[in-house]
Amino acid sequence: MRFTINGQAVEASVDLRTSLLDLLRDHLHLYGTKKGCNQGACGACTVLVDGNRINSCLALAVQYQDRAVTTVEGLAGEHGLHPLQQAFIEHDGFQCGYCTPGQLCSAIGMAAEAERGVPSAVTADLSAGPVVLDHDELRERMSGNLCRCGAYNGIVEAITQTLVTGAAE
Amino acid sequence: MRAFSYARAEDASAAVRLAGASARARYLGGGTNLVDLMRETVEQPDALVDVTALPAAIEARSDGSILIGAGASNTAVAADLAVRTRFPALARAILAGASGQIRNMATVGGNILQRTRCTYFYDDASRCNKRAPGAGCDAIDGFNRIHAILGASPACVATHPSDMCVALAALDATVHLQGHGGSRTMRLVDLHRLPGGRPHVETELQRDELITAVELPALPFAAGSTYRKVRDRASYAFALVSVAAALDVGPDGTVRDVRLALGGVAHKPWRASIAEAALRGRPATADSFRDAADAELADAAGLRHNAFKIDLARRTVAATLEGLAGGDRT
Ligand SMILES: Cc1cc2nc3c(=O)[nH]c(=O)nc-3n(C[C@H](O)[C@H](O)[C@H](O)COP(=O)(O)OP(=O)(O)OC[C@H]3O[C@@H](n4cnc5c(N)ncnc54)[C@H](O)[C@@H]3O)c2cc1C
Ligand code: FES
Ligand code: FES
C-alpha cells in the first residue's frame, strides 16, 4: 500500500485489518498520533487526510491508499513549531499532552471547515454567511476531542488566537 | 477481527457484482460503524466492498427536490446550501450527530444502515436476539435507559440511532437501490423494520442491495423545518429523544400541513403519522400540539429505566411545534 504521509511517499505492506492509526504507530513508528478509545469516541487519533480531519482508529488503512495524510509530526515547519503548537504552549492548552496531537490536527481541520462555510449544530442561521468562530462554535466543533485533563479553556484560547481570523493577536 | 478481502468499486454495478462474489460481503462506507463492529466481532464479513468512490454529488433540482449520492459525506450534505435552505431539518439533524471527524468520514448510505448502539448488542458476553437469533435479550431486564418506547417486541427493544434518518423520515425521503435483481426505489420509512420476532432482520433490503442515492421531494414549507435533539450531554452523544418537524400554518392560524418524525424511541426512525393526522386542520396552538403528541405516544411502553422518555418525547414534540408555530428556531 502507498501513502503520502507528512509529504513523504511511504510504502507499507500490512494486513488488511490494520487501521490507519496502527499503520502510523506500529508500522511507521509515528507515535505522535495517540490511541485513546479505539472506537471513535475521544479524538486522540485525529489526523488530516487531504486536509480533512478524521479518526484514524476507525479508518482501515487500505481505504486511504494514495491519499495525503498529515499527522502531528507534520505540523511543524522549517522554522519551528506550527503557530497553533506554540499557542498551545503559551495558553496551557494541555497538561499530560495525550490528547494534544489530536486536538491540534482537529483544530486545523476544523478551521478549514469553518473557512469553507460548513455550519455546526450551534450555527443559528443556516442560510449562508461566513462562520464566526465564537466560543460556543469552537466548543461545539471541537467536541469530538476529549481532554481528560480538562485543558479546554487553554485549548479554546490557543485556537482562537491562532486560527480565528480577526481575533486579537 | 476476522480476515476479509477488500475491493474498491468504481460504480454501483461493480459494487453489487463484487458483493455477489462473496458469501458474507459488506459494503464499506466511512467504516465508522462497520469497522467498530468488526473489531467487536459482531460483524464478520469475508469481503469488504468499498463504496466511497460511488457518486457523491448533491443535485439540487429546479423543481425543489434534491438528489444526494449515497457516497456523499455527512459533512458535505450538511454543508450543502440547497439542503440548508430547502431542508434545514436534514442539515441540523446531521450536525447534531457524532463529531466533526466522524461526519467527515461517514457516508449517507452508511448512516442509514448504521446499527443500534444497544450495549448488549455490542457485548458478545450478553444475550442478544439481534446478534444471535434466538439467544434472548438482556436489555429487556437490564440497563435499558436508551431503549425503545414505541414498536418494541418481547424479542428486542433496541433503537435505531441515526439522527439523519429522523429528518429523512419526516421529509418523505426516497431511497434509490440497486441489487442483483435491478434497481428500485423505496420510501425511507419503509426501509427499516420493527423488530417483531426477527430483530436480526433490520431492513427490507435484499441480499447485497446497495443504496445508491437518497431523494428529497420538493416540500416548500420544509424551508422552515427543524430538528431538536435531547441527549445526556450537549454535544457528541446519541439522542435520548429527537424530533424532526416541518409545519405549515395557514393565515387563519390552522395547521395546513405538517411533517413529524421521532428518533431515539424505536427500532426505526419513527414517522409520527398519528400526530400529523391529529394536527391537520386544527388550530396551531400549544393545546393542539400537546394533544397530537399524546395521541402519538398513546401506545408507548416504558421499561425499567426508559419510561422517562415517554413524557420527554411528548414534551419535545410539543415544544418543537410551538417553536415552529411561533417562528422561533428551536
Ligand atoms: C463515537 C460515535 C458517535 C456517534 N454519534 C452519532 C450520533 O450522535 N448520531 C448519529 O446519527 N450517528 C452517530 N454515530 C454513528 C455514525 O453516524 C455512523 O457510524 C455513520 O453514519 C456510518 O456511516 P459510514 O459511512 O461510516 O458507515 P459504515 O460503517 O461504512 O457502514 C455502516 C453499514 O452500512 C452499510 N453500508 C454502507 N454504505 C452502504 C451503501 N451505499 N449501501 C448499502 N449498505 C451500505 C455497511 O455495509 C454497514 O453495514 C456515531 C458514531 C461514533 C463512532
Ligand atoms: S482513539 Fe480514535 S477516537 Fe479515540
Ligand atoms: S492534556 Fe491530558 S488529556 Fe488533554
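Looking at the P(r) of region B:98-156, how many percent of alpha-carbon pairs lie beyond 20 Å?
37
May I ask you to list the lysines whose Cα is less than 25 Å away from that of B:LYS268, ignoring any residue fewer than eight positions away on the same chain?
Of all the lysines, those that pass the test against B:LYS268 - Cα under 25 Å, at least 8 places apart if same chain - are B:LYS130, B:LYS229, B:LYS309.
Give me the percent relative contact order of region B:225-325, please, defined on Cα pairs under 8 angstrom at least 6 residues apart.
25
Placing +1 on the Cβ of each Lys and Arg and -1 on the Cβ of each Asp and Glu in region A:83-164, which of A:HIS135, A:ILE159, A:PRO101 has its Cα farthest towards the positive end of the resulting dipole?
Most positive-ward Cα: A:PRO101.
Quick one: putting +1 on the C-beta of Lys and Arg, -1 on the C-beta of Asp and Glu, what dipole do you get for chain A around its Cα centre, in Debye to the nearest 20?
Numbers: 11 positive and 19 negative charges, 114 e Å.
Once rounded to the nearest 20, the dipole reads 540 debye.
In nm, to one decimal, how far is the B:ALA277 label point from the A:SER13 one, both placed 7 Å along Cα→Cβ?
6.5
Give the calculated FRET efficiency between A:GLN95 and A:ARG139 to the nearest 0.05, with a Förster radius of 25 Å applied to their Cβ-Cβ distance.
FRET efficiency, A:GLN95 to A:ARG139: 0.85.
Report Rg/Rh for region A:2-73, rounded to two decimals, where Rg is the Cα radius of gyration and Rh the Kirkwood radius. It would help to have the intermediate numbers written out before the result.
On the way: Rg = 10.7 Å, Rh = 11.8 Å.
Here Rg/Rh amounts to 0.91.
Please name which of B:MET105, B:TYR120, B:ALA148 has its Cα lying farthest along the dipole of region B:1-151 towards the positive end, using unit charges on Cβ (Lys, Arg +1; Asp, Glu -1) and the Cα centre as origin.
The Cα lying farthest towards the positive end belongs to B:ALA148.
Counting just the Cα atoms, what span does chain B cover along each of its three principal axes? Round to the nearest Å and put the largest first.
62, 51, 35
At each listed q (0.13, 0.21, 0.27 Å⁻¹), what is the log10 of I(q)/I(0) that the Debye formula gives for region A:83-164 modelled as equal alpha-carbon point scatterers?
-0.37, -0.90, -1.37
Given N residues in region B:5-52, what is its alpha carbon radius of gyration divided by 2.2 N^0.38 Å? All intermediate terms of the calculation are to be shown ahead of the outcome.
Numbers: Rg = 10.3 Å, N = 48, 2.2 N^0.38 = 9.6 Å.
The reported ratio for this selection is 1.07.
Return the carbon/sulfur percentage of the accessible area of region B:1-95, one whole number, probe 1.4 Å, all protein chains in place.
The C+S portion of the solvent-accessible surface of region B:1-95 is 50 percent.
To the nearest 100 Å², how much accessible surface do chains B and A hide from each other in total, with a 1.4 Å probe?
Accessible area lost upon association: around 3100 Å².
Within region A:1-75, report the chymotrypsin sites (Phe, Trp or Tyr not before Pro) that DSSP leaves as loop and that have at most 16 other Cβ atoms within 10 Å.
A:TYR31
At 7 Å along the Cα-to-beta-carbon direction for both B:ALA53 and B:ALA135, put a label point, then send me their distance in nm to one decimal.
3.6
Indicate, rounded to the nearest 5 percent, the antiparallel portion of the DSSP beta bridges found entirely in region B:212-270.
So the antiparallel bridges in region B:212-270 amount to around 100 percent.
Only bridges whose two residues both fall in region A:1-136 count here: according to DSSP, what percent of them are antiparallel, nearest 5? Before the final figure, lay out the partial values.
Details: 12 of 14 bridges.
Of those bridges, close to 85 percent are antiparallel.
Per residue, how large is the accessible surface of the protein assembly as shown? Use a 1.4 angstrom probe and give square angstrom.
40
Measure off, as a whole percent, the carbon and sulfur share of the 1.4 Å-probe accessible area of region B:152-297, all protein chains present.
Carbon and sulfur: 51 percent of the exposed surface of region B:152-297.
Counting only other chains, and only Cβ atoms inside 10 Å, what mean value do you get across the residues of A:125-137?
The mean count of partner-chain Cβ atoms within 10 Å per residue comes to 2.
Counting residues in the protein assembly as shown as N, plug N into 2.2 N^0.38 Å and put the Cα Rg over that result.
Details: Rg = 22.6 Å, N = 499, 2.2 N^0.38 = 23.3 Å.
Rounded to two decimals, the normalised Rg is 0.97.
What share of all Cα pairs of chain A, in percent, falls into each consecutive 10 Å distance bin?
All Cα pairs considered, the percentages come to 11, 39, 34, 15, 2.
List, by residue number, every residue in region B:82-108 with a reduction of 40 Å² or greater in accessible area between the chain on its own and the complete protein assembly, 1.4 Å probe.
In region B:82-108, residues shielded by partner chains: B:ARG84, B:ARG92, B:LEU95, B:GLN101, B:ASN104, B:MET105.
Quick one: if you take sqrt(5λ) for each eigenvalue of the C-alpha gyration tensor of region B:89-229, what semi-axes come out, biggest first, whole angstrom?
Calculated on Cα positions only, the semi-axes equal 27, 19, 14 Å.
Alpha carbon centre of region A:66-121 versus region B:170-233: separation in Å?
37
Give me the Å³ per residue figure for the convex hull around the C-alpha atoms of region B:225-325. The partial results should precede the final answer.
Details: hull volume 9.1 nm³, N = 101.
Spread over its residues, the Cα hull of region B:225-325 gives 90 Å³ apiece.
So, R0 is 51 Å and r is the distance between the beta-carbons of B:ARG304 and A:HIS79; what FRET efficiency does that work out to, to 0.05?
Working from the Cβ atoms, E equals 0.25.
Just to be sure I understand: of the beta bridges DSSP finds with both ends in region A:2-73, what percent are antiparallel, rounded to 5?
85
What residue among A:ASN52, A:ALA41, A:LEU21 has its Cα farthest toward the positive end of the dipole of region A:2-73, where the charges are +1 on Lys, Arg and -1 on Asp, Glu, each on the Cβ?
Looking along the dipole axis, the top candidate is A:ALA41.
Compute the distance in nm between two label points, each set 7 Å from the Cα along the Cα-to-Cβ direction, one at B:THR254 and one at B:ALA218.
2.6
At a Cα cut-off below 12 Å, give the aspartates and glutamates reachable from A:LYS35, other chains included and same-chain residues fewer than 8 away excluded.
A:LYS35 reaches A:ASP22, A:ASP26.
The values are calculated or read from the model by the stated rules, or taken from the named source; none is laboratory data. This structure is a prediction, so every number in the text was calculated from the model and none was measured. So basically every Cβ, Gly included, is an ideal-geometry build from the backbone, and we count neighbours across all protein chains shown. Heavy atoms of the whole protein, side chains included, go into the accessibility calculation; ligands, DNA and RNA do not. Shrake-Rupley method; radii C 1.70, N 1.55, O 1.52, S 1.80 Å.
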